[in-house]
Every structure is written in C-alpha cells, then in structure tokens.
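Following: one structure in structure tokens, then a few remarks.
The values are calculated or read from the model by the stated rules, or taken from the named source; none is laboratory data. Predicted, not measured: the structure shown is a model, and the values here were computed from it. A quick note on method: Cβ atoms are made from the backbone with ideal geometry, for glycine too, and the neighbour counts reach across all protein chains shown.
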Amino acid sequence: MKLEYEKPVITRIETGLMNKFGSSPLYARKIRKDIDGVSIEKLVEDYGSPLFVISERKLRENYKRLFNAFSSRYPNVQFGWSYKTNYLQAVCAVLHQEGALAEVVSKFEYEKARKLGMEGHQIIFNGPYKPFEALETAVSEGAVINIDHFDEIFELEKVAEKLGKQVKVGIRLNMDTGIYPQWSRFGFNVESGQAMDAVKRIAGGNKLVLNGLHCHIGTFILEPDAYAKEVKKMVEFAYEVEDKFGYSIEYIDIGGGFPSKSKLKGTYLSPDVLIPSVDEFAEKITQALYESLRPGDFPKLILEAGRAIIDEAEYLITSIVAVKRLPDGRRAYVADAGVNLLFTAFWYKFNIELVQEVSGANEPSVIYGPLCMNIDIIDEGSLLPPLEKGMQLVFSPVGAYNNTQWMQFIEYRPNIVMVMEDGSVELVREKEDLSDIERREKLPEKLKLK
C-alpha cells in the first residue's frame, strides 16, 4: 500500500525562549498508559472519548495532606469544600467523608449540599447573592452565613424578625494584602472603615449577632505572606469588634485561593519550583495567628480550599480526530475535546501526555478542539511527535472549575468516571444526549414541522 504523500515542510527548530532556568516550556512527550492502575485504553473502550477521570485515592490524599499541614500546627481547624470548584456529587461526598463542610455561594449549591445529605449546620453560605427564601432556609437550618453587603444585613434582619429570634452571622471582609488586583468587589473594606460601619449597623439593629469573620483574597495565590497579612488584619479587626461591641468572634474564615500544581501561561518555572508547598502556606498562616491572638485564645480557623485539593486528582482523555498543516508550517491536531470542556485552557498550560510511544521528530504543534470557533485552542505551543488520527492524549490537572464552568456548546458533554481506591471504576456522571438538551424546551404548536 502506498503511503499518503505529504508536501515537505521546513520547520525551524524550537526549544522555547532562552531563559536562565535552562528548560523549554514547549516540550511534551511523556507517556501515561494508565490512571491508578486502570489502563487508558480500557477506559476509552468502556466509556468513550473524551472522558474525564477522577482519582479517589489522589483526592483523599490531597485533602489529608492539606488538612494535616494546618491541624498539626493549630489546634482548631475546619475545612470547607468549595462547591463552585467542582460540585460533582462523588467529589463532594468523598471530601465530606473526610470531614470537610460544604462551602456554597448560591441557592443552587446550598440545595445541592442538602440533597447530598449535609445538614444546615454543616454548610457555610457565602456569595454576593442569597435570595430571601434561601437566607430564611439557611437561618432555619443553622447554616453559617457570611454577609456580603449592607442589603444582606437588611434581609437577614427581616428573617430574624420573621422567625422571632436573634441570628448569628459572620461578615465578609476585603483588604489590602499586597495581592493585586485587590478583590474589593466582595464584602466590606477594612481600610476605608466600611467593615466597622457594617458592624455598627448590625449592633444598632439588635437582631443579628456577629460571631465570625470571613475573607477571600483571591485565587491561585503564590505568596504565603499575603495570607499572613490577611490573618493579622482579621485578628486585629476581631479584637477591635469584641472590645467595642462585646461580640465574641468564634471563627476566622480565611477563604481559599491556594494554588495547585498547574502551570500558568507565560511562566517558565515548573510548578514544582514556582508553587509554594502546602507547608509553607500553613506555617505562615498559623505563625501569624499565634503572633496576633491573645494568650489562650484559639478561634476556629476555617479554610475553604478547592483547587489545591481537586485539580491534580482529575484527568481528561481526548482523542485526535484529524491532522492538518497550518499555513505557517506548524502541524495541527483536532481533538474531540475543546474549551467547551476545558474552560481553564485560557489561563493554564496543561500537562500533555501520550498514551503510546510515537516515533518521529518533535514539531511545534497546535491542538484544537472540535468546536467551529477560532478560539477553541487547547494548546498552541507544544513540541509533539507526529500523531495519527485515533491516538489519545491525556491532559492534567483539570479537576478545578472545568466540570462547573464547562458548556453544552456544539458538542455533548462526556462521561465522567472515578477510579476508586480498590481499582474499580464507577461512572459518576453520564454523558449527555439530545434528550438532556431539549428536555426544558417547548416548541409552540404553530412552529411544528409537518
């Protein structure tokens, strides 16, 4: 059989921009044949491609590592699992089994946590929009509620009046910790005096009782010192509130934002070098607590970790469906998964692993998704060997935000499986079909085709 003719192309050798670290940000030729002992070939055979795969073992290990880093340094630690990061039932259930509360930011997420079996007192209710009926339910069920703005104070006072009781609440703070842009949209600003005004308003209404402080300084924070500044400012504010108003601040909730071992686009250092360890964050945060707290005072330290727990516990298997050449000579591949499934591809450069050995020279390559949109680019700067239609690639880490921000756009969303600790595989979200997409639609009678 004759081989298909391909016009010769002269391609400049690419090693990545010169940098003092001596590494290329482009090279990608690692081999991964299995996930937790289950062959990728078997996974694709049984569940199709594309396919998200979650490791139960890795998920539990990540949680325990993070929890132990803090609980070994401070005696009163509680983790809340950030639902918005990944609210698959199987993921949430694993982390609740490990002891995490449910941290939710909407009525939808609150209802999801309750349906999963979490009691109201096991839920932390954050977010800028909490409908009145959701607040009423949360108060009735004993959830921790962190107030985001003055209008929410008024709403909660109405709830308290309706239920005929004082309601314990926390307030969300925002502050300057050296991280820019500063997340000033949420909560009450400390430096301007707005946060203290909120406390005065709560005290003046006499329907709410302030018992906690919450703050979230951003996402993918690479500076442990920023958390130390956050903690010191929160403790200082807590004591000012206690001394002036007689409230007892029972918890300091410092939010999340801890990074995973993802690679931010535009960085040359590997995540192993660039990303501080969990212990570095834990040491800075707990040290700041001990330096700021009064002797014998140990308020509950709440952390709302998401990305650092789930991101590296999930993979996406995708298949090459077409091979082509671009006008500039680069080889291009079309995969069956795109930004509809990997929304975070706009910010992060994923690890790319081959499923089988491939011979041939590496070339600068672009990996497109299947969408009929020019922005559907998963990776545009990796050196890959000549791949063929039907070959698989594995992208990681993909556990954070991709399963909550993915879109039903042009393509159906695929199966998601979890490789259990005993090596079995469980389907945790079934792939979509047309009935899922059209179930809520209504076609007027006059528009029906004969």
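For region 280-304, a residue qualifies if it is among the acidic types (Asp, Glu), more than 15 Å from GLU223 (Cβ to Cβ) and surrounded by fewer than 18 Cβ atoms within 10 Å (Cβ to Cβ), and the qualifying residues are GLU291, ASP297.
Listed here are the residues, each with its yes/no results for (1) among the charged types (D, E, K, R); (2) in the same structural domain as ALA226 (by TED's automatic domain parsing); (3) exposed (fewer than 15 other Cβ atoms within 10 Å of the Cβ).
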site: VAL159; (1), (2), (3): no, yes, no
site: VAL169; (1), (2), (3): no, yes, no
site: ARG172; (1), (2), (3): yes, yes, no
site: ASP176; (1), (2), (3): yes, yes, no
site: TRP183; (1), (2), (3): no, yes, no
site: ASN189; (1), (2), (3): no, yes, no
site: LYS200; (1), (2), (3): yes, yes, yes
site: LYS207; (1), (2), (3): yes, yes, no
site: LEU210; (1), (2), (3): no, yes, no
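For region 224-232, the count of residues that are farther than 27 Å from LEU274 by Cα and free of Cβ contacts under 8 Å to residues at least 60 places away in the same chain is zero. With a requirement of 1 or more residues that are more than 26 Å from GLN194 (Cβ to Cβ) and either touching an Asp or Glu at 6+ places or on another chain (Cβ under 6 Å) or among the aliphatic types (A, V, I, L, M) (or both), the helices (runs of 4 or more DSSP H) lying completely within region 75-153 that satisfy it span 89-97, 107-116.
In region 370-389, the residue that is farthest from ILE31 (Cα to Cα) out of those that are charged (D, E, K, R) and assigned to a strand (DSSP E or B) is GLU380. Of LEU116, LEU135, all but one fail to be within 28 Å of SER184 (Cβ to Cβ), more than 19 Å from the chain's Cα centre (by Cα) and not aromatic (Phe, Trp, Tyr); the exception is LEU135. When TYR412 is tested against (1) without any contact (Cβ under 8 Å) to a residue 40 or more places away in the chain; (2) over 22 Å from SER49 (Cβ atoms); (3) not in a helix (DSSP H, G or I), just one condition goes unmet, and that condition is (2).
Being over 30 Å from VAL278 (Cα atoms), surrounded by 17 or more Cβ atoms within 10 Å (Cβ to Cβ) and not small (Gly, Ala, Ser) is the filter here, so list the residues in region 322-358 that pass it. Steps first, answer last, please.
So in region 322-358, the residues over 30 Å from VAL278 (Cα atoms) come out as 322-338, 340, 355-358.
Those left that are additionally surrounded by 17 or more Cβ atoms within 10 Å (Cβ to Cβ): 330-331, 333-338, 340, 355.
Result: ARG330, ARG331, TYR333, VAL334, ASP336, ASN340, VAL355.
The listed residues are PHE52, PHE67, and the only one of them that is under 25 Å from the mean Cα position of the chain (by Cα), modelled with pLDDT of 95 or more, assigned to a helix (DSSP H, G or I) and among the aromatic types (Phe, Trp, Tyr) turns out to be PHE67.
Which of the residues that make up region 150-175 are without any contact (Cβ under 8 Å) to a residue 24 or more places away in the chain and under 19 Å from GLU223 (Cβ atoms)? Listed by number, the list is empty, since nothing qualifies. If the condition is being touching a strand residue (DSSP E or B) at 6+ places or on another chain (Cβ under 6 Å) and of a type in the set (A, V, I, L, M, F, W, C), then region 353-376 contributes LEU354, VAL355, VAL366, ILE367. Considering the conditions (1) under 21 Å from the mean Cα position of the chain (by Cα); (2) under 18 Å from LYS64 (Cβ atoms), ILE275 is excluded by exactly one of them, (2).
Consider ILE123 carefully, then state whether it is without any contact (Cβ under 8 Å) to a residue 60 or more places away in the chain, touching a strand residue (DSSP E or B) at 6+ places or on another chain (Cβ under 6 Å), crowded, with 18+ Cβ neighbours inside 10 Å and under 15 Å from LEU208 (Cβ atoms). Give the derivation first.
On the way: without any contact (Cβ under 8 Å) to a residue 60 or more places away in the chain: yes; touching a strand residue (DSSP E or B) at 6+ places or on another chain (Cβ under 6 Å): yes; crowded, with 18+ Cβ neighbours inside 10 Å: yes; under 15 Å from LEU208 (Cβ atoms): no.
In short, no.
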